[in-house]
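Here is the structure we will look at.
The values are calculated or read from the model by the stated rules, or taken from the named source; none is laboratory data. Predicted model, so just to flag it, every value in this text is computed and none were measured. Methodologically, a virtual Cβ is constructed for each residue, glycine included, from the backbone with ideal geometry; neighbour enumeration extends over all protein chains shown. Each accessible area value is taken on the protein alone, full model and side chains, heavy atoms only, with ligands, DNA and RNA left out. Shrake-Rupley method; radii C 1.70, N 1.55, O 1.52, S 1.80 Å.
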Amino acid sequence: MSKTRILTGITTSGTPHLGNYVGAIRPALASAGAADVENFYFLADLHSLIKAQDPAKTQRSTLEIAAAWLACGLDPGHVWFYRQSDVPEITELTWLLTCVAGKGILNRAHAYKAAVDKNRAEGEDDDAGITAGLFMYPVLMAADIMLFNAHKVPVGRDQIQHIEMARDFGQRFNHVYGKEHFVLPEAVIDEQVATLPGLDGRKMSKSYDNTIPLFAPRGELKKLIAGILTDSRAPGEPKDTEGSALFQLYQAFASKEDTAAFAQAFADGIGWGDAKQKLFERIDAEVAPLRETYETLMAKPAEIEAILREGAARLRALHATPALQRLRDAVGLRDLGTAVAVTGEAAAAELKTAPMPAFKQYRDADGKFYFKLVQGERVLLQSVGFDSPRDAGQRVAAIKQGEVGDAASDFHLGEGVSEEEVNAALAAFVAATLEGEGGAA
Ligand code: TRP
């Protein structure tokens with residue numbers, strides 16, 4: 001379990017396009033399967049419901065995106081690949097985290113704030129048309145990550161705040177329930193990954209309607225590329241690579257050398273038609289074999305379904321179910337037949353309010369000298385009788401300094417007292433002595 005766990009969430013909305021491929025799929029799979037790493041890739045279909053509420057589209061998109069990742073080389077035999085909604089432990093954990101998540105923190109989420117700002121600008125009620133789903137988005141995402149105690153989460157810049165929130169909820173949970181139940185995840189931003197421009201030169205995005213579908217058939221791919229916005233320079237005129245969507249697209253699919261050659265062609269006045277043909281060939285060379293696999297997979301949706309279900313079933317058995325069981329126990333959702341165990345903040349509070357342990361020395365009716373360790377009314381340790389007060393005193397001094405020695409020989413545990421209790425009391429005693437407060441001997 002000392003492997004670094006890397007977790008990637010994939011929102012299942014829309015049809016995968018070249019921007020998704022260059023910005024997410026390709027880099028994510030490039031780092032998959034390293035020896036010291038355990039990779040988790042999942043389809044965030046529950047998240048998609050916040051925006052997409054057309055059931056047919058949700059189903060279609062989930063299928064296309066699963067097929068796209070598989071076609072691009074995701075190997076479900078070597079990494080975890082599953083669908084969020086197949087792991088009910090995620091939604092159950094969402095509630096446990098909801099109960100420690102600060103509402104004020106959620107109020108500050110960028111997506112929620114943007115929606116409120118828009119309402120204000122339009123003179124609407126602050127929360128008009130905003131669902132609790134949008135508001136709770138970061139908590140569900142935190143559950144995705146922390147159920148598996150993922151260490152690293154590769155994300156775009158827009159997601160950094162969500163990772164910070166996950167850390168915050170995890171920290172609160174750890175604090176309230178008294179130990180390191182959750183690893184606090186870290187966002188990983190890949191500076192190398194370019195944002196791909198779309199047909200109109202703005203960032204390629206579904207919301208700008210400027211995308212090139214990753215698996216568009218050849219003919220359509222060619223047509224779309226022909227439609228990329230360029231300036232009106234004629235063949236023979238030198239062209240700028242800077243600010244050219246066409247050039248940036250080429251760069252995302254070419255080696256350094258080929259990119260340099262393409263830049264030279266721009267300077268030499270290549271015609272836009274020729275440049276587009278070169279770009280088409282370049283993209284098609286990389287995508288064509290993947291497209292073929294994609295089409296095969298899309299023709300057998302039941303196989304994709306089986307892969308996802310298998311992944312979730314194994315993951316639940318190995319990670320999710322036992323993890324949630326531990327968390328249920330931590331918060332007190334427990335078998336009522338087991339003894340009540342006090343843990344977490346409550347235990348810490350009890351320790352703080354418990355009276356300081358103290359050694360008492362005394363002479364008994366038999367004329368011998370004794371000591372005992374008491375905590376309030378409770379006798380934790382009881383010594384045998386010593387012949388002189390000095391002997392008893394020396395023994396107490398030694399114990400106070402942590403030299404408990406061979407316990408059974410000159411003292412025994414009080415009735416109903418456990419060894420752990422004594423150790424805790426002695427530790428507190430030693431700590432207090434170190435702080436210079438001393439103990440009442
Ligand atoms: N919010 C992420 C996005 O929009 C998708 C996502 C959902 C995710 N859960 C996640 C990403 C967990 C990483 C980890 O891209």
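For this structure, a couple of remarks:
- Loop sites in region 130-217: GluC sites (Glu not before Pro), DSSP, at most 13 other Cβ within 10 Å: E180, E191
- Taken per residue, the accessible surface of the chain reaches 53 Å², heavy atoms only and a 1.4 Å probe.
- Spin-label model, A128/D240: points 7 Å from Cα along the beta carbon direction are separated by 4.1 nm.
- Long-range HN-HN contacts of F411 with modeled amide H, under 5 Å: V384
- The phi torsions of region 410-415, fed into the Karplus equation with coefficients 6.51, -1.76 and 1.60 and a -60° offset, translate into couplings of 10, 7, 9, 6, x, 5 Hz, rounded to whole numbers, with Gly and Pro shown as x.
- For region 301-316 and region 1-64, distance of Cα centres in Å: 15
- Segment D387-A260, length gained on full extension (0.36 nm per residue, minus Cα span): 36.2 nm
- At full extension, D200 and A32 could sit 57.2 nm farther apart than now, given 0.36 nm per residue minus the alpha carbon distance.
- The radius of gyration of the Cα set in the chain, together with its Dmax, comes out at 32.2, 116 angstrom.
- Added length on full extension, which subtracts the Cα-Cα distance from 0.36 nm per residue, K113 to E305: 65.5 nm
- Spin-label model, L49/A365: points 7 Å from Cα along the beta carbon direction are separated by 7.4 nm.
- Note, ³J(HN,Hα) from phi for region 74-83, Karplus 6.51, -1.76, 1.60, rounded to Hz, x at Gly and Pro: 5, 10, x, x, 10, 10, 7, 9, 7, 10
- Cross-link partners of K51 among lysines (Cα-Cα below 29 Å; sequence separation of 8 or more within a chain): K103, K113, K118, K152, K203, K206, K300
- Sites counted here are trypsin sites (Lys or Arg not before Pro) in a DSSP loop (not H, G, I, E or B) having no more than 15 other Cβ atoms within 10 Å; the longest part of the chain that contains none of them is 335-441.
- The chain: calculated mean residue ellipticity at 222 nm from DSSP helix runs of at least 4, using -39500 (n - 2.57): -15000 deg cm²/dmol
- Spin-label model distance (nm) - E415 vs L318, 7 Å beyond Cα toward Cβ: 5.3
- If R0 equals 25 Å, the separation of the Cβ atoms of V331 and V404 corresponds to a calculated FRET efficiency of about 0.10.
- Axis angle, to the nearest 10 degrees, between helix 301-315 and the longest C-alpha principal axis of the chain: 20 degrees.
- Computed over the alpha carbons of region 1-91, Rg followed by Dmax gives 13.4, 42 Å.
- Nonlocal amide H pairs with T11, under 5 Å, H built at 1.01 Å: A44
- The angle between the Cα long axis of helix 160-176 and the longest principal axis of the Cα atoms of the chain comes to about 20 degrees, rounded to the nearest 10.
- Amide H to amide H distances under 5 Å link L380 with L373, V374, Q375, where only residues 5 or more positions off or on other chains count and H is placed in the peptide plane.
- The chain: angle of helix 88-98 to the longest principal axis, Cα-based, in degrees nearest 10: 70
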